[in-house]
Amino acid sequence: MDTRDENIKLIKDAMQGKQQAYRQLYDLYKKSLFIVCLRYGKDRSIAQDYLQDAFVNIFKNLKQFDTEKGAFGAWAKRITVNACLADIRKNTLYSVNINGAEQVESADVSALSQLSLKEMLVHIQQLPYGYRTVFNMYVIDGFSHKEIAAALNISISTSKSQLMKARKVLQKKIIVNQNIYSQEHG
């Protein structure tokens with residue numbers, strides 16, 4: 001039996017209420033979904049809360065998953081993103097006037113090659129909620145500005161503005177990172 005067939009069996013067992021199947025699904029997907037939560041949360045504690053909410057929603061809606069329509073991982077990721085967004089909407093006053101995004105003329109592409117995934121994640125987590133949320137939704141999760149606007153109850157132009165500002169802040173952080181790296185390593 002291949003991995004897809006094993007996953008389908010786990011999913012069907014979980015749909016029948018078998019606790020061991022729930023645990024196995026959790027163990028299989030917790031790491032990849034936690035990374036999604038880290039991108040939306042400001043820190044690990046918030047990301048853990050998001051992950052818990054996501055798995056509650058995943059297991060509560062498991063019977064809605066159709067094994068014929070797509071991969072469980074993609075379905076679970078979408079639910080996870082939605083759980084993160086629901087918490088952000090509930091706990092954050094979404095602000096369109098976040099200050100601090102300064103103009104950056106250009107980012108040196110070589111700076112990107114010096115960043116690890118972990119360093120980039122730290123930079124994304126340091127963005128203000130509005131910037132971080134729109135950046136993640138658009139750049140990483142592939143939402144359109146129209147979808148972002150609907151999900152966050154903002155205008156399309158606000159979504160575009162928040163994305164532009166997020167990119168500028170990240171560019172600045174990457175340039176600073178490159179300058180520090182250059183000073184330390186000549």
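Brief remarks on what is shown
- Restricting segment 131-155 to residues that are of a type in the set (Val, Ile, Thr) and under 18 Å from ASN91 (Cα atoms) leaves a set whose member that is surrounded by the most Cβ atoms within 10 Å (Cβ to Cβ) is VAL134.
- Residues that are touching a residue at least 60 places away in the same chain (Cβ under 8 Å) and surrounded by fewer than 17 Cβ atoms within 10 Å (Cβ to Cβ) within segment 41-70 comprise LYS42, ASP43, listed in sequence order.
- Restricting segment 71-97 to residues that are loosely packed, with under 14 Cβ neighbours inside 10 Å, among the aliphatic types (A, V, I, L, M) and closer than 26 Å to LYS165 by Cβ, the residue that is modelled with the highest pLDDT: LEU93
- Condition met for LEU38 (modelled with pLDDT of 95 or more, buried (at least 18 other Cβ atoms within 10 Å of the Cβ) and closer than 30 Å to ASN136 by Cα): no
- Boolean, LYS160 is of a type outside the set (S, T, N, Q), over 30 Å from LEU25 (Cα atoms) and at pLDDT 80 or above: yes
The values are calculated or read from the model by the stated rules, or taken from the named source; none is laboratory data. What you are looking at is a predicted structure, and each value in this text was computed from that prediction instead of being measured. Ideal geometry is used to build each Cβ from the backbone, glycine not excepted, and the neighbour counts take in all protein chains shown.
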